[in-house]
1. Across region 136-157, which residue is surrounded by the fewest Cβ atoms within 10 Å (Cβ to Cβ) among those that are under 21 Å from V104 (Cβ atoms) and hydrophobic (A, V, I, L, M, F, W, C)?
2. Please indicate, with yes or no, whether at least one residue in region 92-103 is touching a residue at least 24 places away in the same chain (Cβ under 8 Å), of a type in the set (G, A, S), buried (at least 16 other Cβ atoms within 10 Å of the Cβ) and in contact with a strand residue (DSSP E or B) (Cβ under 6 Å, 6 or more places away or on another chain).
3. Go through region 1-60 and report how many residues are crowded, with 17+ Cβ neighbours inside 10 Å and in contact (Cβ under 8 Å) with a residue 60 or more places away in the chain.
4. Tell me the helices (runs of 4 or more DSSP H) entirely within region 54-157 that contain at least 3 residues that are within 22 Å of I6 (Cα to Cα) and not small (G, A, S).
5. When only residues in region 104-135 that are of a type in the set (G, A, S) and under 19 Å from G86 (Cβ atoms) count, which is surrounded by the most Cβ atoms within 10 Å (Cβ to Cβ)?
Amino acid sequence: MAGDKIHTAKALALALAGIARQQRRWCALIAYSGDSGERLLPLPPGRWDETKLLDWLSAFIGCGSDIDVPVREMPRMYAALKAPPGVTDLVFVTDARCRLPADVQKGFLDWKRSVQARLVSLVVDNPPGDLSAISDEVHAVRSLAPDAAAVGRVLSL
């Protein structure tokens, strides 16, 4: 993702975090780009480290990615973030064309069930591909415009 899409995706992430903060819900932001590593930012209810939040929003990895990376790595990242137990909403925002091997799909679905997570995916300018098989909801969108129905749905979680 690059250009306006990345800026809009970050604005959406900030809006989701703001809603979680207002509702006193735990939240985390994850940025990834291929196997280049990821940036994890837990945002527990209460006081946030705004400097770290601004650092997360201003940095850009930009190496391109295969969507199987966050799908494969989500259990590890979830544990590293020390996400609290209970029902969890995951939101994937990507413009990647998604092909997931059957074993990756099964592993993710098993993990998702074990932690009581729901996945809502927003796929920008591409068909969702195999994300449909692992998502509870998937929306193929032309943009992340704030007035788009799919964006409104994500903001209502």
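Every number in this text was worked out from the coordinates using simple rules, so none of it is lab data. Please read all numbers here as calculations on a predicted model, not as lab measurements. Positions of Cβ are generated from backbone atoms using ideal geometry, with glycine treated the same way; all protein chains shown enter the neighbour counts.
1. For region 136-157, the residue satisfying everything is A140.
2. No: region 92-103 contains no residue that is touching a residue at least 24 places away in the same chain (Cβ under 8 Å), of a type in the set (G, A, S), buried (at least 16 other Cβ atoms within 10 Å of the Cβ) and in contact with a strand residue (DSSP E or B) (Cβ under 6 Å, 6 or more places away or on another chain).
3. 6
4. The qualifying helices (runs of 4 or more DSSP H) are 68-80, 149-155.
5. Only one residue tops the list, namely A117.
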